[in-house]
1. Looking at the stretch 123-155 only, could you name the residues that are closer than 29 Å to residue 168 by Cα and either in a loop (DSSP other than H, G, I, E, B) or small (Gly, Ala, Ser) (or both)?
2. In the stretch 128-144, what count of residues is obtained for those that are touching a residue at least 12 places away in the same chain (Cβ under 8 Å) and exposed (fewer than 13 other Cβ atoms within 10 Å of the Cβ)?
3. Go through (1) surrounded by 14 or more Cβ atoms within 10 Å (Cβ to Cβ); (2) over 30 Å from residue 58 (Cβ atoms); (3) of a type outside the set (S, T, N, Q) one by one and return the number of the condition residue 147 breaks.
4. Just one of 90, 96 is surrounded by 13 or more Cβ atoms within 10 Å (Cβ to Cβ) and either outside the structural domain of residue 225 (by TED's automatic domain parsing) or not basic (Lys, Arg) (or both); which is it?
5. So, in the stretch 74-116, exactly how many residues are part of a loop (DSSP other than H, G, I, E, B) and on the phi < 0 side of the Ramachandran plot?
6. Within the bounds of the stretch 145-161, is there any residue that is at pLDDT 85 or above, of a type in the set (Ser, Thr, Tyr) and on the phi < 0 side of the Ramachandran plot?
7. Would you mind stating whether residue 160 is under 30 Å from residue 119 (Cβ atoms), under 30 Å from the mean Cα position of the chain (by Cα) and among the charged types (D, E, K, R)?
Amino acid sequence: MAYARGNCAPARWAGALGLALLSWQAAAQTSPGWVVKLTPQHLLMSGLWLEGEHPRAGHPRQTFTLGAQLYAGPAARPDVPFNPNDPNRARTVRGAGLFAQHRFYLGTGTLPGSAQPLGFYLSYGPQVQLFRLGFERREWHDETGPGELPYLVFGPVAYRETALRYGAAGQAGYQFAVARRVLVDVYAGLGLRANHVRQSLANSQFQSGPSDYAHGGLFIPAGFKVGVVL
């Protein structure tokens with residue numbers, strides 16, 4: 001009898017170890033992980049928006065999002081039609097921004113094999129952006145010529161603006177899977193932001209509408225994002 005009992009102990013340990021491994025494997029398959037998202041429409045504004053979304057520990061229907069924004073290239077004017085008589089040429093933008101969100105998912109769906117929630121959601125969060133903007137105008141201006149004498153010439157003159165803006169927005173959206181590890185996030189909302197602009201001319205040249213770089217006041221964040229589950 002003692003021999004039989006001695007062999008039961010290793011069997012019990014092996015069984016316990018097997019259950020622990022199965023539990024660990026199941027937890028790994030549904031680990032919260034991160035979703036990395038790109039917002040494609042901002043590429044039209046020479047902006048690259050990337051963000052990471054992660055479920056909140058202990059609250060599977062809530063997530064936190066942290067995003068970064070980089071701008072470099074030609075400045076766009078999406079709020080106004082093209083005007084061939086616009087005196088400003090060679091518009092450029094360089095800048096960066098940060099934003100964060102807290103989301104509440106209203107349904108119970110999740111991505112298969114992951115704890116990432118899907119479905120309708122509500123979110124809110126702050127944001128801040130800093131832009132260095134430039135453009136040129138062809139006009140008469142003074143230049144120093146030979147002999148340190150001033151000359152009046154006609155040609156391009158560079159102007160600069162700096163815009164700092166910050167605020168917050170609330171959004172409603174819907175997130176769904178299009179492949180095993182690929183998500184699409186469609187959203188729209190309403191926000192309010194303050195702006196501080198330093199410009200060379202009397203008025204800012206980058207406040208044509210809510211989508212322009214130096215705009216302040218009410219704005220409507222809307223669009224879609226494409227995400228990959230890590």
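1. Selection gives 123, 125, 134.
2. If we filter the stretch 128-144 for residues that are touching a residue at least 12 places away in the same chain (Cβ under 8 Å), which is where we start, we get 128-141.
From what is left, the residues that are exposed (fewer than 13 other Cβ atoms within 10 Å of the Cβ) are 138-140.
Total satisfying the criteria: 3.
3. Status for residue 147: all satisfied but (1).
4. Details: 90 fails: surrounded by 13 or more Cβ atoms within 10 Å (Cβ to Cβ).
Unique residue meeting the criteria: 96.
5. Going residue by residue through the stretch 74-116, those that are part of a loop (DSSP other than H, G, I, E, B) are 75-88, 106-109, 111-116.
Subsequent filtering for residues that are on the phi < 0 side of the Ramachandran plot retains 75-88, 106-109, 111-112, 114-116.
Count: 23.
6. Going residue by residue through the stretch 145-161, those that are at pLDDT 85 or above are 156-161.
Then keep just the ones that are of a type in the set (Ser, Thr, Tyr); that gives 159.
Then drop every residue that is not on the phi < 0 side of the Ramachandran plot, which leaves 159.
Among the residues of the stretch 145-161, at least one is at pLDDT 85 or above, of a type in the set (Ser, Thr, Tyr) and on the phi < 0 side of the Ramachandran plot, which makes the answer yes.
7. Values: under 30 Å from residue 119 (Cβ atoms): no; under 30 Å from the mean Cα position of the chain (by Cα): yes; among the charged types (D, E, K, R): yes.
Considered against the rule, which asks whether it is under 30 Å from residue 119 (Cβ atoms), under 30 Å from the mean Cα position of the chain (by Cα) and among the charged types (D, E, K, R), residue 160 comes out as no.
Yes/no matrix, rows are residues, columns are (1) farther than 30 Å from residue 120 by Cβ; (2) outside any strand (DSSP E or B); (3) assigned by TED's automatic domain parsing to the domain that holds residue 107:
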| site | (1), (2), (3) |
| --- | --- |
| 158 | yes, no, yes |
| 189 | no, no, yes |
| 201 | yes, yes, yes |
| 210 | no, yes, yes |
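The values are calculated or read from the model by the stated rules, or taken from the named source; none is laboratory data. Values in this document were obtained by computation on a predicted structure and should not be read as measured data. No Cβ is skipped: glycine too gets one built from the backbone with ideal geometry, and neighbour counts run over all protein chains shown.
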